[in-house]
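The structure appears below as structure tokens.
What follows draws every value from the coordinates through simple rules; no lab data is involved. All values derive from a computational prediction rather than experimental measurement. Positions of Cβ are generated from backbone atoms using ideal geometry, with glycine treated the same way; all protein chains shown enter the neighbour counts.
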Amino acid sequence: MQTHIMPRYAFRTALGYCAVSWENAVLTRFELPEATLSIDDEPSPPPEIIALAERVRAHLDGQFQDFSDLPYQFSLVPVFACDVYRATLAIKPGQTRTYGEIAATLNQPASASRAVGSALGANPWPLLIPCHRVVAAGGKMTGFSGPGGIQTKLRLLALEGDQLFPM
């Protein structure tokens, strides 16, 4: 059986290399800074991927972007995770929500906050779907699955102007 490799483009940002993968102009994955370059990376991605890279660069340079308009391949994730990601896209730079608040947005009980956290921990599009803007009750920092863990989460929140978490 032949495996299908999706194109991937790695690009430099102010915080390091990020990378994006896609299929038929739909985003399948995004990698936060500390992504590695690969010999298989696409040297000439399509214009919409170049435009996305420019938006990410601008965001990480402090010109905040809203990535809710991007074409995500939501069919790759379970329905609950898709709902969590759509709710998370509504959180603007400089704002945070708790896992429980996301659960409530989805008409789920507060006990669903762990499931929200699990979905965000598996987010294939970190930064674009801003899982770093979701915190535990009382602003407590919990795990972050991206490279650098909680330090990366704090760095992104501070960059976006969230003064609750100074660097």
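The table below lists the values:
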read-out: FRET efficiency estimate (nearest 0.05) - Cβ-Cβ, residue 64 to residue 44, R0 25 angstrom; value: 0.35
read-out: Computed over the chain: relative contact order in percent, which uses C-alpha pairs under 8 Å that are six or more apart; value: 19 percent
read-out: Spacing of the two label points (7 Å from each Cα toward its C-beta) at residue 122 and residue 14, in nm; value: 3.4 nm
read-out: Region 48-143: trypsin sites (Lys or Arg not before Pro) in DSSP coil with no more than 14 other Cβ atoms inside 10 Å; value: 140
read-out: Fully extended contour minus Cα-Cα distance, from residue 82 to residue 54, at 0.36 nm per residue; value: 7.5 nm
